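Working notes, structure below.
The values are calculated or read from the model by the stated rules, or taken from the named source; none is laboratory data. Treat the numbers as computed from the prediction; the structure is a model and nothing was measured. We place every Cβ from the backbone using ideal geometry, glycine too, and count neighbours over all the protein chains shown. Protein only, heavy atoms only, side chains kept; ligands, DNA and RNA dropped before computing areas. Shrake-Rupley method; radii C 1.70, N 1.55, O 1.52, S 1.80 Å.
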Amino acid sequence: MEEDLFQLKQLPVVKFRRTGESSRSEEDGISGEHEVQIEGVRAELEPVELGDGAAVPKEFANPTDDTFMVEDAVEAIGFGKFQWKLSVITGLAWANAMEMMILSILAPQLHCEWRLPSWQVALLTSVVFVGMMSSSTLWGNISDQYGRKTGLKISVLWTLYYGILSGFAPIYSWILVLRGLVGFGIGGVPQSVTLYAEFLPMKARAKCILLIEVFWALGTVFEVLLAVVVMPTLGWRWLLILSALPLLLFAGLCFWLPESARYDVLSGNQEKALATLKRIATENGAPMPLGKLVISRQEDRGKMRDLFTPHFRWTTLLLWFIWFSNAFSYYGLVLLTTELFQAGDVCSISSRRQEVKAKCSLTCEYLTEEDYTDLLWTTLSEFPGVLVTLWIIDRIGRKKTMALSFLVFSFCSLLLFLCIGRNVLTVLLFIARAFISGGFQAAYVYTPEVYPTATRALGLGTCSGMARVGALITPFIAQVMLESSVYLTLVVYSGCCLLAALASCFLPIETKGRGLQESSHKEWGQEMVGRGSHSPG
């Protein structure tokens, strides 16, 4: 036996290629099996299959692979200076939360200044969500067809243009149309997550996506602080114009953004993808992998039917319900918070409602300094949600993180049944908001990871569209149903989140520790498992 091993070591190095590996060059042929002739030991050796991820014996190892994929390059280059720049620029796009937060500040101001009835004030909020819902799938399709950078850049410039134009609206009908067009543009901003995720190495992906979610919270905080300074002096028109400042900064910096190398490879533009990877390697001061960049099989991109193939059908349906529940519960809690704070607790709402009914619908109440303070504290509750999600998402996985977030929100909602004091009420509402925002963030991590490159932007876009459906429905529960029954309202939110927790557990794919899937023609996981692990079958 020792003599056989000695003779094996004297042989020249032989290249092996694992069966089923996607990075196969054309010269290697179709088969992943090789026969080795060794004189004096055995006339013929049986071919040996090396499963994907299995180690090659040192005696036969080639010092470098002759091909590599984009995933290999991203992992080899790692996280560095380029990703830090990308974090800031995509974060500026994500700070469009200012355009959402302004709704809660603009509504009472226009109610007083233009003497608008309550239903017209509510319509100002609803029209933004209608615009977002109608455009989310469209922006996802554009990003899959024409590139992530193209879709993101157009949507941000669209939002910037109509956001500034809103400040010059002369009458109610004009601002209603313009805010609807702003919502149409905001529907494409989540594509920044798609572009960002495709440049991140596997170990840093979850943490980094969660960190740019901080820009959402920062945007809402900045909006409240801006309103405190601008509203008493310059008025709401200047607030609308200045709220577009982060998007204006993004517009000036977006030309630095490269197109996703994964998208370029999928669309057959190998040279551009390779140039992008070399640029990242240079900025990070890391070496490029040796060999030739493999061109993935070109596929139809941005097709809705690809979301309902046997591999992704249940994933798509369950994710749609999870995103719906996230937005339904998150925005519902925002609306409930104001009602519960003003009433004192759940038990006081019924008596307060009787007093409100006696008031005229045109009763005018401007926001006070105390109101701005309450808005600021409510917004700050999102930061603990980011920290908690950041700590657990790579420990227990994406699915369990979403399930836990829904369960905690549901439990806190049920505790609101009790007649509790204002301090305990504040604690429960903050915990509930922290966890439901954390569940939203976990969904933003999971969704780009689970879909292949050809449908990643479309998958995220359709999920975002379903979230807007939930945001459209929730005012009828948090405001209209609340007038009839407080307890029924809380049961609806609690029950919805319990079902969403179950949906999270039933998701067929866990993406923790996985790379991004390049092709939709492979079984999920065939090219996704890390090179050091083995996935049978």
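Assorted remarks:
- 129, 168, ranked by accessible area, largest first (probe 1.4 Å): 168, 129
- The apolar share of the surface of the stretch 408-522, taken as the fraction of accessible area on carbon and sulfur atoms (1.4 Å probe, ligands and nucleic acids excluded), comes to 73 percent.
- Label-point gap, in nm, between residue 414 and residue 238 - each point 7 angstrom along Cα→Cβ: 5.1 nm
- Estimated inter-spin distance, residue 114 and residue 305, nm [label 7 Å along Cα→Cβ]: 4.5 nm
- Looking at the stretch 65-294, the accessible area is 36 square angstrom per residue; that uses a 1.4 Å probe and ignores ligands, DNA and RNA.
- The listed residues 233, 137, 90, once ranked by accessible area (1.4 Å probe) with the largest placed first, stand as 233, 137, 90.
- Where a label projected 7 Å from the Cα of residue 157 along Cα→Cβ would reach, residues of the stretch 249-273 with amide N under 18 Å: 249-260
- Surface composition of the stretch 87-167: carbon and sulfur atoms hold 69% of the protein heavy-atom accessible area at a 1.4 Å probe.
- For the stretch 188-303, the fraction of 1.4 Å probe accessible surface lying on carbon and sulfur atoms is 66 percent.
- Ranked order, 135, 104 - accessible area, probe 1.4 Å, largest first: 104, 135
- Rounded to the nearest 10 square angstrom, residue 369 shows an accessible area of 150 square angstrom against a 1.4 Å probe.
- Using heavy atoms of the protein chains and a probe of 1.4 Å, the accessible area assigned to residue 473 is about 70 Å².
- Computed on the stretch 65-294, with alpha-carbon pairs under 8 angstrom and 6+ residues apart, the relative contact order is 39 percent.
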